[in-house]
Amino acid sequence: MPEYRFYTKGKKRVVLESAATDEASALRTQGYWPQPEVIAASNRAAAMARFSDIRRENRLDQHHFLAGAGAMPWIGVLTAICAFLLRRKQR
């Protein structure tokens, strides 16, 4: 199976085989940025589908992390309030 590399410019994505170095350098001169993902797939369409899946998973992971990170301070505040009220009640 050939390996594919991806290049992006804004919302445009281009997929090339790793062996296509001339086309890759032409894309770089046009302002396309190489992406770190290298995917082995049977054809370009399968490689692009896998690339989209990887990007979607990364966005979901980032969203879930930020959602958890946003909730943690509130949990800390509520725990501190509960501890304060319990200590006050015991006196």
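Against the chain, whose longest principal axis comes from its Cα atoms, helix 44-90 is set at around 10 degrees. If every alpha-carbon in the chain counts as one equal scatterer, what log10 I(q)/I(0) does Debye give at q = 0.15, 0.16, 0.18 1/Å? With one equal scatterer per Cα and no solvent, log10 I(q)/I(0) is -0.68, -0.73, -0.84. Across the chain, the relative contact order, built from alpha-carbon pairs under 8 Å that are at least six residues apart, equals 26 percent.
Taken about its Cα centre, the chain carries a charge dipole of roughly 860 debye when the Cβ of each Lys and Arg holds +1 and the Cβ of each Asp and Glu holds -1.
In the elastic network of the chain, a GNM with C-alpha springs shorter than 10 Å, the most mobile of Thr29, Thr79, Thr21 is Thr79. Overall, the accessible surface of the chain at a probe of 1.4 angstrom is composed of carbon and sulfur to the extent of 59 percent. Using the charge dipole of segment 3-90 (Lys, Arg: +1 at Cβ; Asp, Glu: -1 at Cβ; taken about the Cα centre), state which of Ala40, Ser52, Ala69 has its Cα farthest towards the positive end. Comparing the listed Cα positions along the dipole, Ala69 ranks first. Note that the chain presents 79 Å² accessible area per residue, ligands and nucleic acids not counted, probe 1.4 Å.
The values are calculated or read from the model by the stated rules, or taken from the named source; none is laboratory data. Everything numeric in this text was worked out from a predicted model, so none of it was measured. FYI the Cβ positions are ideal-geometry reconstructions off the backbone, even for glycines, and counts take in every protein chain you see. The accessibility values were calculated without ligands, DNA or RNA, using every heavy atom of the protein model including side chains. Shrake-Rupley method; radii C 1.70, N 1.55, O 1.52, S 1.80 Å.
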